[in-house]
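Working notes, beginning with the structure itself.
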Amino acid sequence: MSLKDYRPMMERCSNCLGCKWIPFDKIKSQRFGENCPSVCYYNFNTYSARGRFQLAQTILDGDAEYTKKVTEVVHSCTSCGACDVSCKICRYNLEPLDHNIALKIDAVEKAKTLPVQETIIGNLKKEQTMIQGQKRIDRMNWAKGIKVKDILLEKAEVLFFPGCKYSYEDGLTEKARAMVFLLQKAGADIGVLGKADACCAGRAYQMGFEKEFEQRANANIEAVRKSGAQVIVTPCSDCYYAFKRLYAKLGLNVEVVHIVEYLDRLIANGKIQFVKPVQMTVTYHDPCHLGRQGEPYVAWEGGEKKIRNQIHTWDPPRPRYNGIYGVYDAPRNILKAIPGLRFVEMERIREYSWCCGAGGGCSETLPEFSSWTAAERISEAEATGADTLVTACPWCESNFAGAKNQNGNKIKIYDIFDLVRAAL
Ligand code: SF4
Ligand code: SF4
């Protein structure tokens, strides 16, 4: 759908502003009751989902244009989808998140982008990674020294797709090797894409660079098809979302699981056993693209239909993504299975989780906003009394670590895999 196709939604939005809050019956305190990092940080309604509907309508009507400020507003959405979940609590016929991305796509098509975005996308086109400064030729260096099949040369059941962060970043490449080693030890037949491995480009889509996303996605889908893999396992929630939802829409038909789901299965059937106690009080952050946006893709083709020329609905009924079928239990099962570990929940969890701030490319394009968003989550984690904040996404982990270092928080930041290793 192009931006103009969202006009009926723009007109239907009732200005209730539920999209700024987690559902009222889930609010435990005023301090942690809001859900939209963008409107909270910039403190102006245009930054909310409601404001974005109004802004787009004004642009379509020709009463506003993509000035420098408007362009920044459009791209200052982390694509976290919290507004979408809250809106759908009472509405069945609006898609605020899809609309926010359509607005970004429209801006990008009119060359209204932020300077850093051009650099990031330039690197995606040239080096097939969105991590600045990294080269395609170095991508598989992370796997040096381990025995793992090149799935395009030798069949394997499971395709391990590490994603850009685990392929390049210090501290994460070693973890990627350890993941492969542990999965193999538990009996999994693992392969990697070797020379065909490249960025999933899910973040390009989140930033509104639709064409660049589709080019990369189609190449990756072709590589997966050739590989014959039955399952794709990834430790990155952005890659997970790209494969599970975006690639499925483009025709990928392979089971996609996040590593927490795979580990949870291995623990449940006794192939991984924890023996060492981990004496920590831990709280868990649900990554947006693993949690509320991690629901399986449901194919749908249809259009809007009016009943009695008044009530808007969809024909046939449209899939309702409201976050409840995201990946929430697997990481919690893992943490609860670790001996000695005390698990506590934050106030905003599961589909109502607060974003880490890294989504939509904001960690690179609007670092102060992104870091503030991470700091808010750290405050919420600290309020539980936990000494450790754990997540299951390298983007969340690095954004939290950056904010912690900036603000001097004492809480420790880990990926869930770090605790799994500690307990083996
Ligand atoms: S986007 Fe949804 S929740 Fe937000 S004001 Fe409009 S109808 Fe209400
Ligand atoms: S997707 Fe997230 S940041 Fe963007 S408007 Fe919705 S709640 Fe705010």
Inset, instruction - Mind putting a number on the dipole of the range 116-268 about its Cα centre? Charges go on the C-beta only, +1 for Lys and Arg and -1 for Asp and Glu, and I need it in Debye to the nearest 20. - result: 220 debye
Legend entry - Solvent-accessible heavy-atom area per residue, rounded to whole Å², over the chain at 1.4 Å: 42 Å²
Legend entry - Tensor-based shape of the range 311-395 (alpha-carbon gyration tensor, a/c under 1.5 rounded, otherwise prolate or oblate): oblate
Legend entry - Potential extension, Lys135-Arg7 segment - 0.36 nm per residue separation minus Cα distance: 41.9 nm
Inset, instruction - Along each of the three principal axes of the Cα atoms of the chain, give the extent in whole Å, ordering the values from largest to smallest. - result: 60, 48, 42
Legend entry - DSSP beta bridges in the range 272-413 [antiparallel fraction, %, rounded to 5]: 40 percent
Inset, instruction - Could you tell me how many degrees, from 0 to 90 and to the nearest 10, lie between the Cα long axis of helix 49-60 and the main elongation axis, the longest principal axis, of the Cα atoms of the chain? - result: 60 degrees
Legend entry - Inter-probe distance in nm under a simple model that places probes 7 Å from Cα toward Cβ, at Glu154 and Asp189: 1.3 nm
Inset, instruction - Keeping the other protein chains in place, figure out the carbon and sulfur percent of the accessible area of the chain, with a 1.4 Å probe. - result: 49 percent
Legend entry - Among 203-216, 135-148, 245-258, 367-380, the order from most to least packed when residues are scored by Cβ within 10 Å on average: 203-216, 367-380, 245-258, 135-148
Legend entry - For the range 73-160: rounded, prolate or oblate by the Cα gyration tensor [a/c cutoff 1.5]: oblate
Legend entry - Degrees between helix 394-407 axis and first principal axis of the chain (Cα, 0 to 90, nearest 10): 80 degrees
Inset, instruction - Treat every Asp and Glu Cβ in the range 145-194 as -1 and every Lys and Arg Cβ as +1, leave all other atoms uncharged, and give the resulting dipole magnitude about the Cα centre to the nearest 20 debye. - result: 100 debye
Legend entry - Helix 210-227 vs. the chain, principal-axis angle (Cα, 0 to 90°, nearest 10): 30 degrees
Inset, instruction - Just check the range 142-226 against the gyration tensor rule for me: Cα atoms, a ≥ b ≥ c as the square roots of the eigenvalues, rounded for a/c under 1.5, and otherwise prolate or oblate depending on whether a/b exceeds b/c. - result: oblate
Inset, instruction - For n ≥ 4 DSSP H runs only, could you compute -39500 (n - 2.57) per run for the chain, divide by its residues and tell me the 222 nm figure to the nearest 500? - result: -12500 deg cm²/dmol
Inset, instruction - Considering the options Val233, Leu246, Ile137, tell which one lies farthest towards the positive end of the dipole of the range 116-268, charges being +1 on Lys and Arg and -1 on Asp and Glu at the Cβ, about the Cα centre. - result: Ile137
Inset, instruction - Taking the Cα centre of the chain as origin, work out the dipole magnitude from +1 charges on Lys and Arg Cβ and -1 charges on Asp and Glu Cβ, in debye rounded to 20. - result: 460 debye
Inset, instruction - Report the FRET efficiency, 1/(1 + (r/R0)^6), for Lys306 and Lys276, where r is their Cβ-Cβ distance and R0 is 56 Å, rounded to 0.05. - result: 0.35
Legend entry - the chain: antiparallel DSSP beta bridges as a percent of all, rounded to 5: 25 percent
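The values are calculated or read from the model by the stated rules, or taken from the named source; none is laboratory data. Predicted model only: the values in this text are computed from it and were never measured. Positions of Cβ are backbone-derived with ideal geometry, glycine not excepted, and every protein chain shown enters the neighbour counts. Each accessible area value is taken on the protein alone, full model and side chains, heavy atoms only, with ligands, DNA and RNA left out. Shrake-Rupley method; radii C 1.70, N 1.55, O 1.52, S 1.80 Å.
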